[in-house]
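K.L.:
Structure provided below as structure tokens; questions to follow.
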Amino acid sequence: MSNDPRCDAVRAQLEEAFWSRLPLAAGDTNHFETCAACRTYGEELGGLGAQLASPEFAVSESVSARALGRARAALAVDGQAPPLPIGYGREFARLLIAALLPLPIVLAWNAALFNVVGDVLAGFVPELLLRIAAGGYVITAVGWAALLFGSIPFLAHRRATQSALR
Ligand SMILES: [Zn+2]
């Protein structure tokens, strides 16, 4: 690690450029031209690719120090909840809307069903038995609804992860 935050930022950019095999951004090349320490760091990093392929693999101290620092920072995040995949919110909203849209029709249909069945059976089935049957029906329906809506976060997570991998 260096003491100058500008050097730190440039070295982070160098690492990004190295790992993504992209050229350095214009703003960073300016600093790179004037700062000998960062230039050396860039050369060491550039040699890393060749070194990795060689059987006598050795990394310079500055490269390994920064790599260790980044690894420690990444490991320090462990223990927290992992971030949600990109597009999770959109998938969640899409699934929730798809589940909510037919809900008024389903509720109206069930209300109508209750009335019709209640009217038909009211004459010869005891009132208490009708209430118990209706209660069982409602509990089952609530259970299915809980299963349906409770699965949305998990489904959204899977769909967002799959579309991120594509
Ligand atoms: Zn520098």
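The values are calculated or read from the model by the stated rules, or taken from the named source; none is laboratory data. From a predicted model like this one, the values you see are computed outputs, not experimental measurements. Because the Cβ atoms are built from the backbone with ideal geometry, glycine has one as well, and the counts that use them run over all protein chains shown.
K.L.:
Mind telling me which of the residues 120, 125 ends up being surrounded by 10 or more Cβ atoms within 10 Å (Cβ to Cβ), over 47 Å from the mean Cα position of the chain (by Cα) and assigned to a loop (DSSP other than H, G, I, E, B)?
P.N.:
Of 120, 125, the one residue that is surrounded by 10 or more Cβ atoms within 10 Å (Cβ to Cβ), over 47 Å from the mean Cα position of the chain (by Cα) and assigned to a loop (DSSP other than H, G, I, E, B) is 125.
K.L.:
Scan the stretch 95-117 residue by residue and report those that are free of Cβ contacts under 8 Å to residues at least 60 places away in the same chain and under 33 Å from the mean Cα position of the chain (by Cα).
P.N.:
96, 97, 98, 99, 100, 101, 102, 103, 104, 106
K.L.:
In the stretch 32-68, what residues are within 16 Å of the ligand (Cβ to nearest atom) and among the aliphatic types (A, V, I, L, M)?
P.N.:
Matches in the stretch 32-68: 36, 37, 45, 63, 65.
K.L.:
For the stretch 1-34, which positions are buried (at least 16 other Cβ atoms within 10 Å of the Cβ) and of a type in the set (Lys, Arg)?
P.N.:
Once the filter is applied, which keeps residues that are buried (at least 16 other Cβ atoms within 10 Å of the Cβ) and of a type in the set (Lys, Arg), the stretch 1-34 yields only 11.
K.L.:
Something else now. Among residues belonging to the stretch 2-31 that are modelled with pLDDT under 80 and either touching a His at 6+ places or on another chain (Cβ under 6 Å) or part of a helix (DSSP H, G or I) (or both), point out the one that is farthest from the ligand (Cβ to nearest atom).
P.N.:
Across the stretch 2-31, the extreme among qualifying residues is 26.
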